[in-house]
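Taken together, the values in this text are just the output of simple stated rules run on the coordinates, not laboratory data. None of these values were measured; they are calculated from a predicted model. Note that each Cβ is placed from the backbone with ideal geometry, even for glycine, and that neighbours are counted across all protein chains shown.
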Amino acid sequence: MESYILWNQYWVWFTFALVLGVLEVLMPGYILLGFALGAAAIGVVFASGVWPAEAMMQSLPVTLAVFGAASLLVWLGLRQFFGRRNGQVKVWDKDINEN
């Protein structure tokens, strides 16, 4: 009898994406949104059974590596789309004690 593995079920990844999405609403900053969309992408891969799903079903480290890469790509895309907020990085050209 084949054992039931939870991490390669699509609904687990969609639930994880939903939880991360709710946490992003509670703690905004576009950090958890990248992880949420990455988890949703993994859920789509498992649900559709496209190319990396077979390799990911065999190994948890491969699944986590693909999840990390997908989350990083989504986060970089969000960063490019939303851009850097004004005033996020402050560069001081002059010291307060200088005349």
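For the chain, modelled as a GNM whose springs connect Cα atoms under 10 angstrom apart, the maximal fluctuation among Ala47, Ala70, Ala55 occurs at Ala55. What does the charge add up to near Leu37, with Lys and Arg as +1, Asp and Glu as -1, over the other residues with Cβ less than 13 Å from its Cβ? Its environment carries a net charge of 0. Calculated [222 nm] ellipticity per residue, helices only, for the chain: -21500 deg cm²/dmol; basis is -39500 (n - 2.57) per DSSP H run with n ≥ 4, divided by all residues, nearest 500. Once each of the chymotrypsin sites (Phe, Trp or Tyr not before Pro) sitting in a DSSP loop with at most 13 other beta-carbon atoms within 10 Å is removed, the chain keeps 31-91 as its longest stretch. For an R0 of 22 angstrom, estimate the FRET efficiency from the Cβ-Cβ distance between Ala55 and Val22 and round to the nearest 0.05. Calculated transfer efficiency: 0.15. Each residue of the chain gets 144 Å³ once the volume of the Cα convex hull is shared out per residue.
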